[in-house]
Amino acid sequence: MEGLKEKEVVLDVKDVSVSFKTNVGTLNAIRGVNFTLHRGETVAIVGESGSGKSVTVKAVMGIKSANEKINTGEILYTYEENGEKRTVDLLKFSRKEMVEKYNGKHIAMVFQDPMTALNPLLTIGYQLTEGMMKHLHLEKKEAWARGEELLAEVGIPNPKLTMKNYPHQLSGGMRQRVVIAIAISCDPDVLICDEPTTALDVTIQAKILELIQDMQKKRNISVIYITHDLGVVAKVADYVAVMYAGKIVERGTAYELYFQPRHPYTWGLLLAMPDLNTTEDRLYAIPGTPPNLLKKIIGDAFAPRNAFALNIDFEEEPPVYKLSETHEVSSWLEHPDAPKVEMPEALVRRIARMTGTAKQKGGLANE
Amino acid sequence: MSERSSKIPLLEVRGLKQYFEIDRTHTVKAVDDVSFTVEKGTTFGLVGESGSGKSTIGRSVIRLYNPTAGEIYLGGREISGKLTAEKKHYLTTKMQMIFQDPMASLNPRKKVIDIVAEGLDANHLYKDKKEREEKVYAILERVGLNHEQANRYPHMFSGGQRQRIGIARAMIMEPEIIIADECISALDVSIQAQVVNIMKELQEERGLTYVFIAHDLAMVKYISDYIGVIHLGHFVEMGRKEEIFDHPVHPYTKSLLSAIPEPNPLTEPGRKSVTYDKNAEGVDYTKGKKNYLTETHMVLATEEELAQWNA
């Protein structure tokens with residue numbers, strides 16, 4: 001973190017809350033989410049299913065279901081147009097405006113399942129050039145030529161032929177490469193990757209992650225990752241936000257989250273996933289299940305599953321405590337009057353082991 | 001392996017082949033001449049990428065498929081070949097399976113009590129209704145569900161609870177071996193840990209044996225004693241988990257291990273995974289021999305390949 005000069009903020013998500021009207025009541029999917037994304041950096045949002053990760057980024061993309069309602073908040077997006085800086089609130093736009101002006105061109109998205117993201121009836125070439133012709137106003141021929149270049153860039157062996165192929169003729173990994181090529185075709189500022197590798201095999205997963213990182217570096221794109229795999233997060237993320245029941249409960253740099261985690265939920269998440277050196281007899285399992293968001297949540301949503309919950313956790317929502325410039329946690333345990341709670345023994349051991357192996361491998365263990 | 005032969009392994013698979021005929025000219029060799037043994041009370045992990053044949057092995061062993069060739073012994077008794085009524089009874093009471101997707105593997109129109117008791121019903125393993133009920137309640141309690149939930153339908157449960165029902169259904173038969181096919185892959189991280197803990201507890205209590213099929217290598221390493229790495233229907237490497245993870249020999253194993261992102265932001269960024277291309281390296285699995293580096297550590301390779309990989 002040398003040179004704490006002002007980093008350029010690309011996306012500023014402020015206090016966004018979204019609810020869905022269902023026939024059994026209103027479901028508060030996200031309840032006040034805040035995070036910022038700087039140019040060229042990567043934010044990973046982690047959490048269990050139903051924690052609101054996807055809803056958050058879909059709000060950024062302007063993808064809304066019919067029964068979805070954005071209650072509060074703004075998503076400020078800053079970009080350059082004709083040499084001047086503009087900041088807009090993405091939530092103010094209609095679906096049509098988003099599609100016409102921002103989606104694809106400024107903010108692009110890579111979805112989990114490449115088969116459903118691609119249209120099975122259209123050739124790869126058609127789907128790849130469509131955006132470029134619309135947003136960059138390229139002629140068909142130019143777009144086609146650029147499309148071939150892009151396919152080569154994302155590591156597809158025979159781009160000329162692949163342009164004419166249909167999605168079903170490619171393997172899952174190749175399809176995801178095509179989806180990435182489409183996403184970066186119009187030089188977006190922000191790339192949102194919603195579980196980009198969950199549907200893929202481990203060996204292919206590593207390749208796709210490396211590809212996304214490569215493209216990000218080359219084009220200075222900011223990336224938002226959504227994942228539940230903490231290994232993936234460690235590989236790609238500069239900043240991590242942990243979501244639980246529609247709120248970010250802890251966020252910070254990857255280093256802070258993995259080595260100085262403060263929220264009991266983050267502890268649980270880290271411990272629930274064994275790493276290759278886990279020898280403990282039992283995994284630390286977070287008891288219970290996530291809360292039902294159809295019901296009104298009183299106090300801290302994590303309290304019923306939290307072994308360290310205080311009485312106040314069941315009564316009042318915890319405020320956000322700032323631990324460093326980048327590290328924020330929303331937990332009553334940070335209150336000056338709260339009893340001092342140590343992180344679980346197993347996690348202490350694991351952190352020691354991780355920093356230990358990092359030193360062995362010659363990794364930089366400063367900060 | 002001479003000193004071990006005195007002890008009969010619980011599961012022994014010899015030369016298992018599972019071919020699928022697509023049409024007259026095409027045959028998919030999903031599993032091609034696979035042999036392995038599993039000792040009682042241990043866990044055998046099967047890893048490999050999708051399409052490698054790991055699930056097929058599990059399904060062939062429990063006879064969901066009819067194996068093309070090979071012999072399978074369970075507790076010293078043959079369960080391969082023609083499935084007679086007696087063999088089937090033996091198989092279904094001793095061996096059970098837990099599936100990946102708990103929603104797809106539970107009948108949505110049946111109550112939990114009937115789902116769990118199905119094995120008992122089929123094999124007439126109770127005297128009266130009361131005993132049936134008691135057995136179901138006991139097993140549900142063991143996996144962390146309660147009585148009242150027995151009369152509900154599967155859709156009323158969360159993913160983790162449904163997988164517990166799947167475990168209960170397998171456990172009620174008091175099997176000796178359970179084939180767990182990606183049984184935690186569809187679950188959330190925090191729920192995975194709960195289910196894995198239950199599986200481990202049951203193993204300790206009842207001396208259960210597991211064949212654990214998964215692609216999450218960290219989880220496989222955590223739960224298994226022995227690991228078989230499978231690629232395109234062949235075991236390319238097999239051994240104790242320490243041997244596989246600390247001293248991998250086969251390039252496929254190495255590429256698989258290098259592909260897992262470790263949850264460590266100090267070492268993980270910038271680490272590149274190793275690529276393995278069987279054809280580019282000219283590896284032919286049918287030519288390779290089984291080389292035993294230690295008593296348990298097997299690598300499929302020709303002599304030249306082995307020398308090259310060990311170098």
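The values are calculated or read from the model by the stated rules, or taken from the named source; none is laboratory data. These figures come from a predicted structure and were not determined experimentally. All Cβ positions, even for glycine, are placed from backbone atoms using ideal geometry, and neighbour counts span all protein chains on display. In case anyone asks, the SASA skips ligands and DNA or RNA and just uses the protein heavy atoms, side chains included. Shrake-Rupley method; radii C 1.70, N 1.55, O 1.52, S 1.80 Å.
List of remarks:
- Within region B:169-198, the set of residues being more than 13 Å from the chain's Cα centre (by Cα), at pLDDT 85 or above and within 14 Å of chain A (Cβ to nearest Cβ) comprises B:192, B:193, B:194, B:195, B:196, B:197, B:198.
- Hey, residue A:59 part of a helix (DSSP H, G or I) and either under 21 Å from residue A:238 (Cα atoms) or among the small types (Gly, Ala, Ser) (or both) or not: yes
- Helices (runs of 4 or more DSSP H) wholly inside region A:90-202 that include at least 3 residues being of a type in the set (Gly, Ala, Ser): A:140-153, A:172-184
- Qualifying positions in region B:205-216 - free of Cβ contacts under 8 Å to residues at least 60 places away in the same chain and either buried (at least 22 other Cβ atoms within 10 Å of the Cβ) or within 9 Å of chain A (Cβ to nearest Cβ) (or both): B:216
- Test: residue in region A:280-300 that is in contact (Cβ under 8 Å) with a residue 60 or more places away in the chain and not in a loop (DSSP other than H, G, I, E, B): no
- When B:74, B:46 are checked against the criterion of being in contact (Cβ under 8 Å) with a residue 60 or more places away in the chain, touching a Leu at 6+ places or on another chain (Cβ under 9 Å) and under 21 Å from residue B:176 (Cα atoms), B:74 stands alone in meeting it.
- Identity of the residue in region B:263-279, more than 8 Å from chain A (Cβ to nearest Cβ) and of a type outside the set (A, V, I, L, M), that ends up surrounded by the most Cβ atoms within 10 Å (Cβ to Cβ): B:278
- For region A:185-212, the set of residues classified as crowded, with 22+ Cβ neighbours inside 10 Å, among the hydrophobic types (A, V, I, L, M, F, W, C) and touching a residue at least 40 places away in the same chain (Cβ under 8 Å) consists of A:190, A:191, A:192, A:193, A:212, listed by residue number.
- Criterion (small (Gly, Ala, Ser), surrounded by fewer than 18 Cβ atoms within 10 Å (Cβ to Cβ), under 26 Å from residue B:255 (Cβ atoms) and at pLDDT below 95) met by exactly one of B:50, B:6, B:2: B:50
- Restricting attention to region A:255-269 and to residues that are farther than 19 Å from residue A:313 by Cβ and open to solvent by 10 Å² or more (accessible area, probe 1.4 Å), the residue that is nearest to the other protein chains (Cβ to nearest Cβ) turns out to be A:255.
- Qualifying positions in region A:213-230 - surrounded by fewer than 24 Cβ atoms within 10 Å (Cβ to Cβ) and part of a helix (DSSP H, G or I): A:213, A:214, A:215, A:216, A:217, A:218, A:219
- The one condition in (1) within 11 Å of another protein chain (Cβ to nearest Cβ); (2) in contact (Cβ under 8 Å) with a residue 40 or more places away in the chain; (3) of a type in the set (A, V, I, L, M, F, W, C); (4) open to solvent by less than 20 Å² (accessible area, probe 1.4 Å) that residue B:236 fails to fulfil: (1)
- Meets criteria (at pLDDT 95 or above, more than 30 Å from residue B:231 (Cβ to Cβ) and within 12 Å of chain B (Cβ to nearest Cβ)) for residue A:223: no
- Candidates in region B:124-169 are the residues that are among the β-branched types (Val, Ile, Thr) and assigned to a helix (DSSP H, G or I); of these, the one that is nearest to residue A:292 (Cα to Cα) is B:165.
- Scan of region B:245-261 for residues that are within 13 Å of chain A (Cβ to nearest Cβ) and in contact (Cβ under 8 Å) with a residue 24 or more places away in the chain, ordered by number: B:245, B:251, B:252, B:253, B:256, B:257, B:260
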